[in-house]
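Undergrad: Let me begin by handing over the structure; questions about it come next.
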Amino acid sequence: MRITDIEGIMVRLPEVQAIGDGCQSILIIKVHTDEGITGIGEAHTNPLVSKAVLEAPLCSISSTGLKPLLIGEDPRDINRLYDLMLRRTQTYGRRGAVMHVISGIEIALWDILGKALNQPIHRLLGGARRDRVPAYASDLAPETAEGAIALALDHRAAGYKAVKLGWGGLGGNPRKDAAMIGEIRRAVGPDMDIMLDMGFPVALEHAIYLGQALAEHDVYFLEEPLSPDDLSGFARLTAVSPTPIATGEKETSRYPFIDLVERGGLRIIQPDVARVGGIAETLRIASFAEPRGVRVIPHCWSTDILVAATLHVIGLIKDCPYLELNATTNPLRTRLVTSPIRQVDGIVGIPNGPGLGIELDEGTIARYRWSP
Ligand SMILES: [Mg+2]
């Protein structure tokens, strides 16, 4: 089997806003083969930048676009092609957008292998340890406590047993943020898990205050209160915060996760499968984390391509309490595949069809397809 073409398809909502929603404008990757099988992937990043990474012609032996590199290769050689992509982009790659695109291609290669063997991806990797996983509703934080309470109650009524609010108006005033979480806790009662995602870093003193104040409200984790580069800050925060601290969605490759755990003291890490390097790289991170008692709860806020890839990973890792599920009504999240992935009573099934186990809704793609 040979790769004949790699398509980068940009889709975009008619109005993209400056909010913490990375699912407004995305790059879908289709890897085509000479046997009629097409693999689907997603690079969870800025699509125009990632399309350039995909299509750029050869610049030097260590600086090339990925499509010219992969045409003619056997898509089933996933490990070899992963190493090749890293090696031949090492001058301008290794982190950031190049890794995001490598992730999207890697997901598509697994999809091809699964379709070729008529097996779900998790079975190719030894079989899922579970057939379903609880999902937490992941949503943007409203500006007011009343709005946040209403949203949390809506998600509880929809069946979720856990809710995360993030970005939005958070981060300006730690006392206000902690008070809002206290009001949500009183409204939803003791049985719902609550997470808080700051999105942008706050001052270390602010983060320490939140880590201590949120414990009173039994918060499941406090996400990204500091920059992922601030390892010494994380070390100080994790040493004193009774609320678990989580981070990792902006990191790429396994290497930063070693630092976050060993130097930053993180006990919950959140690699994004469509950014970090793909399915196998996320599993490598999980293999590092598991014997150290560190939990991997993948970041997953994008289309059902990423949700499906993440579910295969969650099926495989030994201990993963939650799928993050974008609970907004964004049509790129809710209508991109023919059988959208939904929660029922707060539970999502691990896909069992060949490959990723999803099919793209070409009507939705045609409607939102974008070229600048
Ligand atoms: Mg986040």
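The values are calculated or read from the model by the stated rules, or taken from the named source; none is laboratory data. All values reported here derive from a predicted model rather than from experimental measurement. Glycine gets a Cβ as well: all are built from the backbone with ideal geometry, and neighbour counts include every protein chain shown. Keep in mind that these areas ignore ligands, DNA and RNA; they rest on the heavy atoms of the full protein, side chains included. Shrake-Rupley method; radii C 1.70, N 1.55, O 1.52, S 1.80 Å.
Undergrad: Over region 263-372, what is the mean sequence separation of C-alpha contacts under 8 Å (at least six apart), divided by residue count, expressed as relative contact order in percent?
TA: 23 percent
Undergrad: Moving on to the next point. Nearest 10 degrees, 0 to 90: what angle lies between the long axis of helix 145-157 and the longest principal axis of the chain (Cα atoms)?
TA: 60 degrees
Undergrad: On average, how much area does the Cα convex hull of the chain cover when viewed from any direction, in nm²?
TA: With the hull built on Cα positions only, its mean projection is 17.2 nm².
Undergrad: Helix-only mean residue ellipticity at 222 nm, the chain, DSSP H runs n ≥ 4 weighted -39,500 (n - 2.57), per residue, nearest 500. What is it?
TA: Result for the chain, helices only: -11000 deg cm²/dmol.
Undergrad: Counting only heavy atoms of the protein chains, get the accessible area per residue of region 28-148 (1.4 Å probe) and round it to a whole Å² value.
TA: 41 Å²
Undergrad: Nearest 10 degrees is fine. How inclined is helix 204-213 to the longest principal axis of the chain, computing both from alpha carbons?
TA: Rounded to the nearest ten degrees, it is 70.
Undergrad: So for each of 106-112, 357-363, 260-266 I average, over its residues, the number of other beta carbons within 10 Å; can you give me the resulting order with the highest mean first?
TA: Descending mean neighbour count gives 106-112, 260-266, 357-363.
Undergrad: Would you please put 267-274, 7-14, 19-26, 302-309 in order of how densely packed they are, using the mean number of other Cβ atoms within 10 angstrom per residue and starting with the highest?
TA: So the order, starting with the most tightly packed, is 302-309, 267-274, 19-26, 7-14.
Undergrad: Projected onto the charge dipole of the chain (+1 at Lys/Arg Cβ, -1 at Asp/Glu Cβ, origin at the Cα centre), which of ILE102, GLY199, SER339 gives the Cα projection farthest towards the positive end?
TA: Going by the Cα projections, it comes out as ILE102.
Undergrad: Still on this structure, please answer the following. Please report the antiparallel percentage of DSSP beta bridges with both residues in region 126-356, rounded to the nearest 5.
TA: That works out to approximately 15 percent antiparallel.
Undergrad: Towards the positive end of the charge dipole of the chain, with charges on Cβ (+1 Lys, Arg; -1 Asp, Glu), say which of GLY20, ASN173, ALA152 has the farthest Cα.
TA: Working it through, the farthest residue towards the positive pole turns out to be GLY20.
Undergrad: Further question on the same structure: About the Cα centre, and with charges only on the beta carbon of Lys, Arg (+1) and Asp, Glu (-1), how big is the dipole of the chain? Nearest 20 debye, please.
TA: 520 debye
Undergrad: Could you pull out the pairs from LYS67/LYS250; LYS30/LYS250; LYS30/LYS51 whose alpha carbons sit more than 20 Å apart here?
TA: Check vs 20 Å cut-off fails for LYS67/LYS250; LYS30/LYS250.
Undergrad: What is the angle, in °, between the Cα long axis of helix 174-188 and the longest principal axis of the Cα atoms in the chain? Nearest 10 is fine, range 0 to 90.
TA: In the chain, helix 174-188 runs at an angle near 90 degrees to the longest axis.
Undergrad: Heavy atoms only, probe 1.4 Å: what % of the accessible area of region 80-180 goes to carbon and sulfur, would you let me know?
TA: Roughly 50 percent of what the probe reaches on region 80-180 is carbon or sulfur.
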